[in-house]
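S.K.: So that we are looking at the same thing, I have put the structure below in structure tokens.
The values are calculated or read from the model by the stated rules, or taken from the named source; none is laboratory data. Since the model is a prediction, treat every value here as computed from it, not as a measurement. Note: ideal-geometry Cβ built from the backbone for every residue, glycine included; neighbour counts use all protein chains shown.
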Amino acid sequence: MGIKVAKFGGSSLCDAEHFRKVKAIIESDPDYRYVVPSAPGKRFDGDEKITDLLYQCHRQVESNRSHEEIFKKIADRYLGIARELGLDFDVEGLLIETSNAIRQYKNPDFAASRGEYLNGMLLSKYLGWDFIDAQDVVKFDRQGSFASEWTNEIMREALQKHSHAVIPGFYGSYPNGDVHTFSRGGSDISGAIVARAAQADVYVNWTDVSGFMMADPRIVKNPKCIRELSYRELRELSYMGATVLHEDAIFPVHKAGIPTNIRNTNAPEDPGTMIVVNPSPDHRPGDQIITGIAGHKNFTLLSIEKAMMNSEYGFGRRVLQALEDFGVSFEHLPTGIDTMSVVVADKELVTRKDQIIQRIQQTCQPDSIEISAGIALIATVGHGMTSAPGTAARLFTALYEAGVNIRMIDQGSSEMNIIVGIDIKDFETAMNAIYRAFVKD
Ligand code: ASP
């Protein structure tokens, strides 16, 4: 028998009907031993997430206003779920206690964490499993950074005492015991932490889509689902904007060599996407050499030109020093003989652009600096590209045929990604052109 850890997102636990689906999934496989729930999410367009309501409660309390009206909406959701599921415990008492604690502690993290805490309590009663409070087993250091090894030790010890348990996602505590949360969507990270500590065979992340798409479905119509991809590919795609999993959820399981399976609570028969350390060589259908495409808008290209730059010692360092001095990180660094370009996210430059340019002028004395805003980046990613000659030709031909001008090209030395910089206006056209060039229907 193996061990599986399941994490259910907010949409998978938004009401009693979804709790029933979750129970059916868990009971269909005896390998499920630990479950990590999010707080109830939206039930329909325009609905409110419990976490958002909890932050609103905190803001009320902080400005010395009553949070009761908002808390009532929260209480009604949990009471409704408990009633429909016929749960026999004092949910009302727990809610009163929670409301008082939110008022008393005046702490945003504590308030937000109650969404997962209450949902975890309900789910543990419904499944008849033990409840482990994440406050006791997920630790942050005093600065609020996640303490991975400390957590792994205490989480492992705790799990050994419970053959089946529910551990709420999203929060943990500082060394002094005060509650602290991950960033939004952080229950994905909690699930990965539990999977690592349980030495699970697989971390199953149940959500409301049947896996990871090869491209953003809002841009490319009906993209194919990725059946299998590596953690490295996922990292490249998520960094460039593809979202399904919280970015930081990759590290605990990748480190432990545990695969992550993204599945759909509303279509449990779909196999979903498997994220693995080493993908099998034949995991891509037919001759498909790419794994996915992702992109981001709003970058600026700083092109610095100086005759004989290539023979000048320290030129590149001085350019990057100017960025570092103003706390700006860069994305890419394509260089020519006498030109060096730096790609920076617009949001990094907002208030510091003029100072950085001035500093580069002073320390590098370039012949010219050209600033091009309005750049979008698109990454085409896949291990299959590494050994396939002609990949770049196919990609650039597709862009040429679609009339897209390429402003910048960057290929990582691993050869598993090619990144192109284009004008923002060409973003959608370019994504579709690349997708069609590599993926046959
Ligand atoms: N409930 C939290 C949020 O809405 C955490 C999570 O769902 O993963 O961000």
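S.K.: Can you name every residue in region 265-291 that is small (Gly, Ala, Ser) and modelled with pLDDT under 95?
M.R.: Narrowing region 265-291 to residues small (Gly, Ala, Ser): 267, 272, 280, 286.
Hits for region 265-291 are Ser280, Gly286.
S.K.: Right, next: Here are Ser145, Ser163: which of them is away from the ligand (no atom under 16 Å from the Cβ), modelled with pLDDT of 95 or more and within 22 Å of the chain's Cα centre (by Cα)? Show your work before the answer.
M.R.: On the way: Ser163 fails: within 22 Å of the chain's Cα centre (by Cα).
Testing whether each residue is away from the ligand (no atom under 16 Å from the Cβ), modelled with pLDDT of 95 or more and within 22 Å of the chain's Cα centre (by Cα) leaves just Ser145.
S.K.: Another one. Against the condition part of a helix (DSSP H, G or I) and within 16 Å of the ligand (Cβ to nearest atom), how does Asp136 come out, does it pass? Steps first, please.
M.R.: Numbers: part of a helix (DSSP H, G or I): yes; within 16 Å of the ligand (Cβ to nearest atom): no.
Judged against the criteria, Asp136 is not a match.
S.K.: What number goes with the only condition from (1) within 16 Å of the ligand (Cβ to nearest atom); (2) acidic (Asp, Glu); (3) assigned to a helix (DSSP H, G or I) that Asp76 does not pass?
M.R.: (1)
S.K.: Suppose the filter is at pLDDT 95 or above, surrounded by 14 or more Cβ atoms within 10 Å (Cβ to Cβ), within 25 Å of Gly177 (Cα to Cα) and touching a Phe, Trp or Tyr at 6+ places or on another chain (Cβ under 8 Å); does Leu87 pass it?
M.R.: Working: at pLDDT 95 or above: yes; surrounded by 14 or more Cβ atoms within 10 Å (Cβ to Cβ): yes; within 25 Å of Gly177 (Cα to Cα): no; touching a Phe, Trp or Tyr at 6+ places or on another chain (Cβ under 8 Å): yes.
Taking the combined requirement at face value, the residue does not satisfy it.
S.K.: Do any residues in region 192-221 that are crowded, with 24+ Cβ neighbours inside 10 Å have Cβ atoms under 7 Å from those of residues that are among the acidic types (Asp, Glu), where the two are at least six apart or on different chains, and which pairs are they?
M.R.: Asn205/Asp188
S.K.: Considering region 167-190 alone, what residues qualify as being within 13 Å of the ligand (Cβ to nearest atom) and either at positive phi or within 13 Å of the chain's Cα centre (by Cα) (or both)?
M.R.: Phe170, Phe182, Ser183, Arg184, Gly185, Gly186, Ser187, Asp188, Ile189, Ser190
S.K.: Being without any contact (Cβ under 8 Å) to a residue 24 or more places away in the chain and outside any loop (DSSP other than H, G, I, E, B) is the filter here, so list the residues in region 84-94 that pass it.
M.R.: Matches in region 84-94: Glu92, Gly93.
S.K.: May I pose another question? Of the residues that sit in region 373-388 and are part of a loop (DSSP other than H, G, I, E, B) and touching a residue at least 40 places away in the same chain (Cβ under 8 Å), which one is surrounded by the fewest Cβ atoms within 10 Å (Cβ to Cβ)? Step through it out loud before you land on a result.
M.R.: Quick first cut of region 373-388, residues part of a loop (DSSP other than H, G, I, E, B) only: 382, 386-388.
After this cut, where a residue has to be touching a residue at least 40 places away in the same chain (Cβ under 8 Å) as well, the list is 382, 388.
Numbers: Gly382: 28, Ala388: 14.
It comes out as Ala388.
S.K.: Looking at (1) more than 14 Å from the ligand (Cβ to nearest atom); (2) within 13 Å of Trp206 (Cα to Cα); (3) part of a helix (DSSP H, G or I), can you tell me which one Val5 breaks?
M.R.: (3)
S.K.: Can I ask one more? What single numbered condition from (1) under 22 Å from the mean Cα position of the chain (by Cα); (2) exposed (fewer than 15 other Cβ atoms within 10 Å of the Cβ) fails to hold for Lys139?
M.R.: Every listed condition holds for Lys139 apart from (2).
S.K.: On to the next question. Within the set of pairs 6+ apart or on separate chains, which have a first residue in region 105-118 that is within 8 Å of Leu54 (Cα to Cα), a second that is β-branched (Val, Ile, Thr) and outside any helix (DSSP H, G or I), and C-beta atoms under 6 Å apart?
M.R.: Cβ pairs passing all conditions: Ala112/Thr181.
S.K.: Next question. Name every residue in region 192-209 that is under 18 Å from the mean Cα position of the chain (by Cα) and either near the ligand (Cβ under 9 Å from one of its atoms) or polar (S, T, N, Q) (or both), in order of residue number.
M.R.: Filtering region 192-209 for residues under 18 Å from the mean Cα position of the chain (by Cα) gives 192-196, 203-209.
Scanning region 192-209 gives Asn205, Thr207.
S.K.: Let me ask something additional. Got at least one residue in region 303-310 being outside any strand (DSSP E or B) and β-branched (Val, Ile, Thr)?
M.R.: First, pick out the residues of region 303-310 that are outside any strand (DSSP E or B): 306-310.
Within this subset, residues satisfying the condition of being β-branched (Val, Ile, Thr) are none.
No, because not a single residue in region 303-310 is outside any strand (DSSP E or B) and β-branched (Val, Ile, Thr).
S.K.: Looking only at region 108-132, count how many residues are away from the ligand (no atom under 16 Å from the Cβ) and either in a helix (DSSP H, G or I) or at negative phi (or both).
M.R.: Filtering region 108-132 down to residues away from the ligand (no atom under 16 Å from the Cβ) leaves 124-132.
Filter again for either in a helix (DSSP H, G or I) or at negative phi (or both), leaving 124-127, 129-132.
Going through region 108-132 one residue at a time, the tally reaches 8.
S.K.: Turning to a different aspect of this structure: Among the residues of region 37-73, how many are among the polar types (S, T, N, Q), within 16 Å of the ligand (Cβ to nearest atom) and over 23 Å from the mean Cα position of the chain (by Cα)?
M.R.: First, pick out the residues of region 37-73 that are among the polar types (S, T, N, Q): 38, 51, 56, 60, 63-64, 66.
Remaining after also requiring within 16 Å of the ligand (Cβ to nearest atom): 38, 51, 56.
Among the residues that remain, those that are also over 23 Å from the mean Cα position of the chain (by Cα) are: 56.
Total satisfying the criteria: 1.
S.K.: Part of a strand (DSSP E or B), aliphatic (A, V, I, L, M) and over 29 Å from Gln104 (Cα atoms): does that describe Val209?
M.R.: no
S.K.: Moving to a separate point now. Quickly run through region 331-372 and pick out the residues that are buried (at least 16 other Cβ atoms within 10 Å of the Cβ), within 33 Å of the chain's Cα centre (by Cα) and not in a helix (DSSP H, G or I).
M.R.: Within region 331-372, Glu331, His332, Pro334, Met340, Ser341, Val342, Val343, Val344, Ala345, Arg352, Ser372 meet the criteria.
S.K.: Which members of region 321-366 meet the condition of being among the hydrophobic types (A, V, I, L, M, F, W, C), touching a helix residue (DSSP H, G or I) at 6+ places or on another chain (Cβ under 8 Å) and over 16 Å from Glu305 (Cβ atoms)?
M.R.: Result: Leu323, Phe326, Val328, Phe330, Val344, Leu349, Ile356.
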